[in-house]
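No value in this document is a laboratory result; all are computed from the given coordinates. Nothing here was measured: the structure is a model prediction, and the numbers come from that model. Here the Cβ positions follow ideal geometry from the backbone for every residue, glycine too, while neighbour counts run over all protein chains shown.
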């Protein structure tokens, strides 16, 4: 949300304190700000502003999330010492000047796959990599990828702003593709099971127009069939794979193991027993 910059408003903020500026932001459902924004809005020296910010950090009214970027912690979130990520993630990445989307377990939760209560937030970004953030109760994991999606990134509305999130299909294949970083295929299997019903033909079609990882699509197809997904969607995926060269792979890649001969249409050698928590 953009705060109107009328003459009266500018005269007001030039004389206000940092605390009053923060209250003004909250009145517009803004929960984050940068030091650069504050310097422009409040007519005080940078040193003076930083002193005020330090006092507010000590009082736990704000949190210095990254150098030069602050979160506002309203009273209803003060016990947790954190904000829901969807309230500030868009503004953070405008500040960082980077592509992003909420992904993995964090995206799955918004698509109704919330069986596993994950305390960490997962954000996919473009390169170069960003260091993870662990401050107070905030725990953000960043995963940088080289092939940025051409489709399958949705916008959802939070109380504060719109934020970007992977679609159900992109969430599903991301969980498969990055399974090693997330604790293995068995760790993500229950979430995949919950996501299956959210997959649509259009979402899959959008993904197949750009997605480059054939081995992940093979595992995707095998798991959809195992989870008894819509047969039309399964055939749609298989028809796409048949138009490409694809080779035997392991369901769960393990060093030193080879797929060998396989007896299913996805050419996936099943080398792991999958167990659901549902």
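Observations, loosely collected:
- DSSP beta bridges in segment 120-218 [antiparallel fraction, %, rounded to 5]: 55
- Mean residue ellipticity at 222 nm, helices only, the chain: -11500 deg cm²/dmol; runs of at least 4 DSSP H residues each add -39,500 (n - 2.57), and the sum is divided by the number of residues.
- Estimated Rh, segment 85-269: Kirkwood, alpha-carbon pairs, angstrom: 17.2
- Within the chain, percent of DSSP bridges classed antiparallel, to nearest 5: 65
- Measuring between their Cα centroids, segment 225-278 and segment 38-82 lie 50 Å from each other.
- Cβ-derived FRET efficiency at R0 22 Å, residue 235 paired with residue 197, nearest 0.05: 0.80
- Label-point gap, in nm, between residue 51 and residue 259 - each point 7 angstrom along Cα→Cβ: 6.6
- Once C-alpha pairs closer than 8 Å and six or more residues apart are averaged by separation and normalised to the residue number of segment 7-77, the relative contact order reads 33 percent.
- Bins of 10 Å, starting at 0 and running to the largest distance - Cα pair percent for segment 7-77: 20, 59, 20, 1
- Extending 7 Å from Cα along the Cβ direction at residue 34 and again at residue 181 yields two label points whose distance is 2.5 nm.
- Crossing angle, helix 214-226 versus the chain [Cα axis fit, 0-90 degrees, rounded to tens]: 80
- Pair residue 157, residue 228: separation of 7 Å Cα→Cβ label points (nm): 3.8
- Relative to the longest principal axis of the Cα atoms of the chain, the long axis of helix 168-177 lies at roughly 70 degrees.
- With Cα atoms, 0 to 90° folded angle of helix 231-242 axis to the chain main axis: 80
- Ranked 174, 121, criterion: other C-beta atoms within 10 Å, fewest first: 121, 174
- Between residue 19 and residue 145, the contour length at 0.36 nm per residue exceeds the alpha carbon distance by 41.5 nm.
- Of 222, 101, 246, the one that fluctuates the most in a GNM where the chain has Cα springs shorter than 10 Å: 246
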